[in-house]
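Note sheet for the following structure.
The values are calculated or read from the model by the stated rules, or taken from the named source; none is laboratory data. This one's a predicted model, so the numbers in the text were calculated from it and none came from an experiment. Cβ placement follows ideal geometry from the backbone for every residue including glycine, while neighbour counts extend to all protein chains displayed. Each accessible area value is taken on the protein alone, full model and side chains, heavy atoms only, with ligands, DNA and RNA left out. Shrake-Rupley method; radii C 1.70, N 1.55, O 1.52, S 1.80 Å.
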Amino acid sequence: QILSGSNYICYESALIFDTSSIPDTDDVSDVVLSCDGSQDASTTDFVATAASSTYDGGAFVSGDWIAGASLSGQTTYATWNSSGYLADYNAFTSAGAAFNSAINKTGNTALMLYSDRHSAGTVPTGNERVTFTDADAAGTTTDPKLDITHAAAASTVVKDIIGAGIIPYAR
């Protein structure tokens with residue numbers, strides 16, 4: 001968010017990751033979102049939230065924007081406190097199972113980032129923003145990252161106790 005005179009601007013960011021290479025039968029056990037810091041223009045600390053998005057990777061359209069008052073209905077996947085800003089990768093803290101289950105293993109996983117102050121309707125008092133490098137920057141060394149830990153689902157072995165040579169006892 002930015003206060004400019006008596007006007008203020010609220011930002012939301014959209015990210016999309018191709019997660020289709022994860023086998024559909026795998027279990028996702030951990031997800032870490034990391035964004036490369038480009039600029040800290042914040043005079044007030046805030047918490048950035050990563051949540052689901054309808055963004056499809058094309059042009060950002062009005063339907064991709066969610067009004068601040070409606071952001072409280074979003075499921076939180078991860079958070080990051082701007083007080084820990086680095087001019088390097090900034091790892092968000094995962095919300096655990098909610099983020100793990102949000103990974104689309106057959107296509108793209110779309111996320112949005114927004115400030116807790118924006119979602120609470122708190123009017124900015126100055127600059128309350130940081131800038132992360134996006135995937136349009138030259139090269140790929142500073143692209144947003146989604147590190148996903150996954151593995152084949154554990155199989156369960158069920159043994160028939162009669163077939164195992166154990167005879168049920170009845171009175």
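Quick notes
- If the condition is being under 20 Å from VAL130 (Cα atoms), of a type in the set (Gly, Ala, Ser) and either open to solvent by 30 Å² or more (accessible area, probe 1.4 Å) or touching a helix residue (DSSP H, G or I) at 6+ places or on another chain (Cβ under 7 Å) (or both), then the range 23-38 contributes only SER38.
- Search result, residues across the range 68-84 that are at pLDDT 90 or above and open to solvent by 20 Å² or more (accessible area, probe 1.4 Å): SER70, GLN74, THR75, THR76, TYR77, THR79, ASN81, SER83, GLY84
- Sole residue being on the phi > 0 side of the Ramachandran plot and not basic (Lys, Arg), chosen from GLY84, GLY57: GLY57
- Of all residues in the range 38-51, those that are closer than 13 Å to GLU12 by Cβ have Cβ atoms under 9 Å from Cβ atoms of residues that are open to solvent by 70 Å² or more (accessible area, probe 1.4 Å) and of a type in the set (Val, Ile, Thr), 6 or more apart or on another chain, in ALA51/THR75.
- In the range 1-22, the residues that are over 25 Å from ALA110 (Cα atoms) and open to solvent by 30 Å² or more (accessible area, probe 1.4 Å) form Cβ pairs under 7 Å with partners that are in a loop (DSSP other than H, G, I, E, B) and hydroxyl-bearing (Ser, Thr, Tyr), at six or more places apart or across chains, as follows: LEU3/THR125.
- When each of ALA50, ALA41 is tested for being within 19 Å of the chain's Cα centre (by Cα), aliphatic (A, V, I, L, M) and modelled with pLDDT of 90 or more, the lone residue that passes is ALA50.
- Residues of the range 85-114 classified as in contact with a Lys or Arg (Cβ under 8 Å, 6 or more places away or on another chain) and crowded, with 19+ Cβ neighbours inside 10 Å, total: 0
- Condition check for PRO168: surrounded by 15 or more Cβ atoms within 10 Å (Cβ to Cβ), at pLDDT below 95 and over 21 Å from PHE60 (Cα atoms): no
- Residue in the range 39-58 that is of a type in the set (Asp, Glu), open to solvent by 30 Å² or more (accessible area, probe 1.4 Å) and within 24 Å of THR125 (Cβ to Cβ) present: yes
- Every pair of residues 6+ apart whose Cβ atoms lie under 8 Å, when the first sits in the range 137-164 and is of a type in the set (A, V, I, L, M, F, W, C) while the second is at pLDDT below 80 and open to solvent by 70 Å² or more (accessible area, probe 1.4 Å): ILE161/PRO168; ILE162/PRO168
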